[in-house]
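Only one structure is covered here, and it is reproduced in the block below.
The values are calculated or read from the model by the stated rules, or taken from the named source; none is laboratory data. Source: prediction; values computed, not measured. Virtual Cβ from ideal backbone geometry, glycine too; neighbours counted across all protein chains shown. Ligands, DNA and RNA are stripped out before the accessible areas are found, and what is left, the full protein with its side chains, is counted by its heavy atoms. Shrake-Rupley method; radii C 1.70, N 1.55, O 1.52, S 1.80 Å.
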Amino acid sequence: MSTAVKMQAALISADARPASGAWLADARADAASRLAAMGLPTRRDEYWKWTRPDSLISAVADTAEVLDYEGEEPLFSDVDRLKVVFVDGVFSAEESDALEGEGLEIERLADAAAKDIHWAKDLYGVLETRGQTPVNRPIAVHNTAMATDGVVIRVTGALSRPVSLVYRHEDANSDAILHSVIRLEDGAELTLLENGPAAARFSSVLEVDVAKGAAFHHVRAQGRDHDRQAITHVFARVDAEATFKSFTVTVNGKLTRNECVIDIVGDNAVAHIAGAALGDGAEHEFHHDDTVFITHDAVACESRQVFKKVLKNGAKGVFQGKILVKPDAQKTDGYQKSQSLLLDDDASFQAKPELEIYADDVICSHGSTTGAIDEEALFYLRSRGVPTPIATDLLVLAFLADAIEEIEDEDIAADVTGRLDAWLARRRG
Amino acid sequence: MAGVDELIAKEGVEEETVEAVKSLAGAYKYGWETEIEMEYAPKGVNPDIVRLISDKNDEPEWMTEWRLEAFARWEKLDEPSWALLNYPEIDFQDQYYYARPKSMEEKPKSLDDVDPKLLETYKKLGIPLKEQMILAGVDGAEDMPAEGRKVAVDAVFDSVSVGTTFQAELKKAGVIFCSISEAIKEHPELVKKYLGSVVPVSDNYYATLNSAVFSDGSFVYIPPNTRCPMELSTYFRINAENTGQFERTLIIADKGSYVSYLEGCTAPQRDTAQLHAAVVEIIIEEDAEVKYSTVQNWYPGDENGKGGIYNFVTKRADCRGDRSKVMWTQVETGSAVTWKYPSCILRGAESQGEFYSIAITNNYQQADTGTKMVHLGRDTKSRIVSKGISAGKAQNTYRGLVSMHPKAKNSRNYTQCDSLLIGDKCGAHTVPYIEVKNNSSRVEHEATTSKVDEEQMFYCRQRGMDEEEAVALIVNGFAKEVLQALPMEFAMEAQQLVAISLEGSVG
Amino acid sequence: MLKINNLHVKLEEEDKQILKGVDLEVPAGKVHAIMGPNGSGKSTLSYVLSGRDGYEVTAGDATLDGEELLDMEPEERAAAGLFLAFQYPVEIPGVGNMTFLRTAVNAQRKARGEEEMSAADFLKFVRAKAKDLKIDADMLKRPVNVGFSGGEKKRNEILQMAMLEPKMCILDETDSGLDVDAMKLVSEGVNALRDEGRSFLVITHYQRLLDHIKPDVVHIMAAGRIVKSGGPELALEVEHNGYADILAEIDA
Ligand SMILES: Nc1ncnc2c1ncn2[C@@H]1O[C@H](COP(=O)(O)OP(=O)(O)OP(=O)(O)O)[C@@H](O)[C@H]1O
Ligand SMILES: [Mg+2]
């Protein structure tokens, strides 16, 4: 029996399906049938050319030891925030803050599911479905069908504090599927923070609808548990004059694939997506894949993709990024940058930075570079008395800076830089 | 010999006179047809046709077997669909796979024997076959002095090579330049050794088909430490209707040799699409260098997308020796559909590959073209400069691969892909694949897409140029780096082609 | 020669009126200068006359020898004899200066029904003109304005003017960026072209240029209008006192 069929069978058996109200049950059933039709990804799929989907779709998740953080405060600890905690994908009421706030409707997906009518009906699985053309993303469909929980958030004003999703990992065999839906009404503002390893294997879908003039800022840190695996999808719809910004930092992780599908549908909107990844394959595998698809379907919009990877000891990096400019999306300004720094000869990087453009009054470009550290810069630092390991790390941080600059909040950006520095320092010994 | 008995002559050629067609041809200069009696093999492809082609060329048994094996493989393959191309399904059984002028049945022994219509055709195309060049087999005439710079030409008319010039002079230098059908007979040891060694029989759908049914093409061998005394060129002309052209070119540059090779193509203007599937294999040994330049100007179809050549070409150079070097330059202005990725296998240490391309698509033309740079050896270098220009309702895609293998230490690639859009109904796309598996190598890729700069347009027009002139000028500037990579004569022709190809694209 | 009548111009994309009723007449064979504070609309006037996109004429008209200019395409205006030396000459990568010049010269000849110039004649012609302006052969081979210094760009504009032999030349701050010697060269170039059939409209901020190219009339432009016209002495007055006095006088 193929995995797809197995999953389909699991879905149909009533107890495998999380309890849900009619609106959610419909969405799940729809996803289940879509999944059955498209099947799961295989190694032969062009879209999975450089990342093997096998361990992401196997019936049982591979074990991932829980990392001892040795008392280190998790990221965002100092930030005044509304905390929602999931432990191995299970909501933790005692660790979470009260789910309330001014200008904010927030509840668990599991709670929303119990209601017969819910605003999230118009979004749950809807943006995900839109994101299935021109390429299938079956794992996201699977998530829509199978997610056990998540949060649904509706924002009507400018929030005074960020919403922070904290994903703790305690069970070495956990397999978590979370699905969150976020709606920013006209002119609303939200900063969403996500951090933590979540589970041994984590499938996450985030559907974000950014209405006119709204601003969504997203900063995500994927936990450093070595053998954890994550497959995440962000599906965003960005309306006129709205801003969407998302940044992800990744250190460690056996396999991470972050897919981001952004649809710019209103004029003068801005969408930025950035990522910084640091991988050392010395003792644990590291494979990191950023797969991004930005569609411009409106006039005078700006999009940026900035992805930086630093890889060593057999660490592998993948970037697949596309800017699609539809006919009539005139005055588009699209830029895509994917760069990798290979610190030794075993590291590898594979990239497919694509442009597909059907409007003429556009400025679109991409740049991709791969190579070793700049010897001249290294020499310059050394000639000023900086020892090679420190000089190297300095240059690594400088290399990552472009991506980190995409974080709107300066304190958070500084904090992220600090964590990266610490990661490098630990490896310097 | 069932196939031979089935050979039939196609009755009645097109009614229009050459002049009439020419006047209808508009922008496409080479849209006329030569009225010449042809003989055709029956339509379609099957083992009998494969045998017939082999038989027509008087091939030895091993060659026939090679072809049949390819055909058997082809039958098992599916036509690829990954390119950003959209065309009606090709009925491979509704094509003629062999067509040759009747007059070529017997190889001409002297210039007087060559059908004057053929000579006229090449003269009209601007190929100086008659004055400067002496056809193969014309005894003693080869050493006639040529005016200006010498270019040896192998002219392929539909399925057959009609003549190769300067053979004797080349022979003196040890260079072999002849049709591939001749090479199969005269130099079987070379052909056996190299044919299919760069583009294996089962490489891809079109290459496999070509391996089964190629009817002719050119063969070049440059001996060690020899600089080919003149430029070599092949001129391809599709004349017959409903006929696929499948030519095969094999170039071997032995140690320390050098050759510059030019390729030109045209076809008459017709309502129905025609198929062209060529294979070019280049073997480059130690310290040798090959420059391969193409001006592809097959009939692109009319402004409504009717007719035109479907061009599926596999070109690959294998830089086997250390310090070997290849440079592909292409100007792709013709064809309704282009599917073409001249590639470089950089096997030898310090070998170098370069790819310079201009692809212009107008009206309903579609091009999916680019290159592969496969770095296997240490200290290898590659450079890609691609300029895509899209106008009308055309789609233009750059597709490329740069691969740095673990052993390709200290290698370099630089890629620059620029696209220019003229009008809001066309598309320009970039699909690069980059694979880097060692850290001493450096890969840089840059791509831009934009429309013709308005300030530049205004500046030109203020100086009195009309929009079309201004666009042609600016586009030529945009493509300069590639035009400069072409041999002089080709560069001039290419520059004019740029302007012609873009006619009707503005306003 | 050039007659501008109550010309009102706004930006096409914005609601911004830039020219608010310009009246100006430059008779054949005369040199008129326009001075005026930054942003007063001098370049806009020159662009509108030569047909650049992005502006909307809301009222008024402009004629060249009686022909309505504003209805023509830019290249038709050029063929009719209008030449603009740009304040910021445009760079065109990849296009050789020589190719550019030759295409322009021949396009205009063709438009006027004249025969195209042969390659040899053209070469002779351009070399002679370039020599007068001390433009070396290398600059002719390089792409149009790419990597040219500010002064080189301006000299290149004058070279083009000399080649195209227009009858109405508009020079937009051709003097800015020129060193003293270049200023002299350029002025000589302009003066050599002066004759009774040819007129000039020289936009400048400095008296210096007008020392070399003696204007018949000086206009002051402010806030989208010609606010004062006078003889060469007007330029001297601006040089010494700035615009304040003139503007105050008008407001009064
Ligand atoms: N395309 C445009 N978009 C916005 N503003 C413009 C545009 N063109 C001109 N303007 C504005 O119109 C006004 C007049 O500009 P213009 O360039 O004609 O001035 P100028 O008199 O030539 O100034 P200068 O002496 O500095 O060259 C300025 O305020 C300028 O900013
Ligand atoms: Mg100005």
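Taking B:Ala485 as the residue in question, decide whether it is free of Cβ contacts under 8 Å to residues at least 60 places away in the same chain, within 26 Å of the chain's Cα centre (by Cα) and either open to solvent by less than 20 Å² (accessible area, probe 1.4 Å) or within 14 Å of chain C (Cβ to nearest Cβ) (or both). So that I can check it myself, show each step before the final result.
Details: free of Cβ contacts under 8 Å to residues at least 60 places away in the same chain: no; within 26 Å of the chain's Cα centre (by Cα): yes; either open to solvent by less than 20 Å² (accessible area, probe 1.4 Å) or within 14 Å of chain C (Cβ to nearest Cβ) (or both): yes.
In short, no.
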When every residue in the range C:13-44 that is basic (Lys, Arg) and closer than 15 Å to C:Val227 by Cα is compared, the one nearest to ligand 1 (Cβ to nearest atom) is C:Lys42
Of (1) in contact with a Pro (Cβ under 9 Å, 6 or more places away or on another chain); (2) closer than 16 Å to A:Leu206 by Cα, A:Arg81 satisfies every one except (2)
Quick check on the range B:221-243. Is at least one of its residues open to solvent by less than 10 Å² (accessible area, probe 1.4 Å), modelled with pLDDT of 95 or more and touching an Asp or Glu at 6+ places or on another chain (Cβ under 7 Å)?
yes
Of the residues in the range C:55-73 that are open to solvent by 10 Å² or more (accessible area, probe 1.4 Å) and touching a helix residue (DSSP H, G or I) at 6+ places or on another chain (Cβ under 8 Å), the one that is farthest from ligand 2 (Cβ to nearest atom) is C:Glu73
Within the range A:366-393, the residues that are touching a residue at least 24 places away in the same chain (Cβ under 8 Å) and over 23 Å from A:Trp423 (Cα atoms) are A:His366, A:Gly367, A:Ser368, A:Thr369
Restricted to the range B:296-313 and to residues being surrounded by fewer than 24 Cβ atoms within 10 Å (Cβ to Cβ) and not small (Gly, Ala, Ser), the residue nearest to B:Asn225 (Cα to Cα) is B:Tyr310
- Message: If I filter the range C:1-9 for residues that are modelled with pLDDT under 95, within 16 Å of ligand 1 (Cβ to nearest atom) and crowded, with 22+ Cβ neighbours inside 10 Å, do I get at least one hit?
- Response: no
Flagged in the range C:206-224 as open to solvent by 40 Å² or more (accessible area, probe 1.4 Å) and within 16 Å of ligand 2 (Cβ to nearest atom), in numbering order, are C:Tyr206, C:Ala223
* Based on what the data block shows, is C:Glu237 open to solvent by 40 Å² or more (accessible area, probe 1.4 Å) and acidic (Asp, Glu)? -> yes
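For every residue, the table says whether it meets (1) in contact with a Ser or Thr (Cβ under 6 Å, 6 or more places away or on another chain); (2) hydrophobic (A, V, I, L, M, F, W, C); (3) under 18 Å from B:Tyr205 (Cβ atoms).
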site	(1), (2), (3)
B:Val50	no, yes, yes
B:Lys56	no, no, no
B:Arg67	yes, no, yes
B:Ala72	no, yes, yes
B:Glu79	no, no, yes
B:Gln93	no, no, yes
B:Ala99	yes, yes, no
Checklist entry - Any residue at all in the range C:26-37 that is within 16 Å of ligand 2 (Cβ to nearest atom) and surrounded by fewer than 14 Cβ atoms within 10 Å (Cβ to Cβ)? => result no
Per the list (1) more than 14 Å from chain B (Cβ to nearest Cβ); (2) surrounded by fewer than 24 Cβ atoms within 10 Å (Cβ to Cβ); (3) outside any loop (DSSP other than H, G, I, E, B), residue check on A:Glu283 breaks on (3)
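Is it the case, given these coordinates, that C:Glu173 is within 14 Å of the chain's Cα centre (by Cα) and either within 16 Å of ligand 1 (Cβ to nearest atom) or within 14 Å of chain B (Cβ to nearest Cβ) (or both)? Spell out how you get there, then give the answer.
Numbers: within 14 Å of the chain's Cα centre (by Cα): yes; either within 16 Å of ligand 1 (Cβ to nearest atom) or within 14 Å of chain B (Cβ to nearest Cβ) (or both): yes.
Judged against the criteria, C:Glu173 is a match.
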**Request:** Scan the range C:86-106 and give yes if some residue there is open to solvent by less than 10 Å² (accessible area, probe 1.4 Å), under 26 Å from C:Gly177 (Cβ atoms), within 16 Å of ligand 1 (Cβ to nearest atom) and within 15 Å of the chain's Cα centre (by Cα), otherwise no.
**Result:** yes
Of the residues in the range C:147-170 that are open to solvent by 30 Å² or more (accessible area, probe 1.4 Å) and more than 16 Å from ligand 2 (Cβ to nearest atom), the one that is farthest from the other protein chains (Cβ to nearest Cβ) is C:Ser149
Checked pairs for the range C:25-41, first within 14 Å of another protein chain (Cβ to nearest Cβ), second more than 16 Å from ligand 2 (Cβ to nearest atom) and not aromatic (Phe, Trp, Tyr), C-beta under 8 Å and 6 or more apart or across chains, list as none
- Check the range C:174-192 and report whether any residue there is within 16 Å of ligand 2 (Cβ to nearest atom), within 30 Å of C:Leu140 (Cβ to Cβ) and open to solvent by 20 Å² or more (accessible area, probe 1.4 Å). yes
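Condition (residue is within 16 Å of ligand 2 (Cβ to nearest atom) and outside any helix (DSSP H, G or I)) applied to the range C:90-104: is it met by at least one residue?
Step one: filter the range C:90-104 for residues within 16 Å of ligand 2 (Cβ to nearest atom), giving C:90.
Among the residues that remain, those that are also outside any helix (DSSP H, G or I) are: C:90.
Within the range C:90-104, one or more residues are within 16 Å of ligand 2 (Cβ to nearest atom) and outside any helix (DSSP H, G or I).
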Practice prompt. Could you tell me whether any residue of the range C:116-127 is buried (at least 16 other Cβ atoms within 10 Å of the Cβ) and either within 16 Å of ligand 1 (Cβ to nearest atom) or not in a helix (DSSP H, G or I) (or both)?
Written response: yes
Picking from C:Tyr55, C:Tyr47, the residue that is within 14 Å of another protein chain (Cβ to nearest Cβ), free of Cβ contacts under 8 Å to residues at least 40 places away in the same chain, within 9 Å of ligand 1 (Cβ to nearest atom) and not aliphatic (A, V, I, L, M) would be C:Tyr47
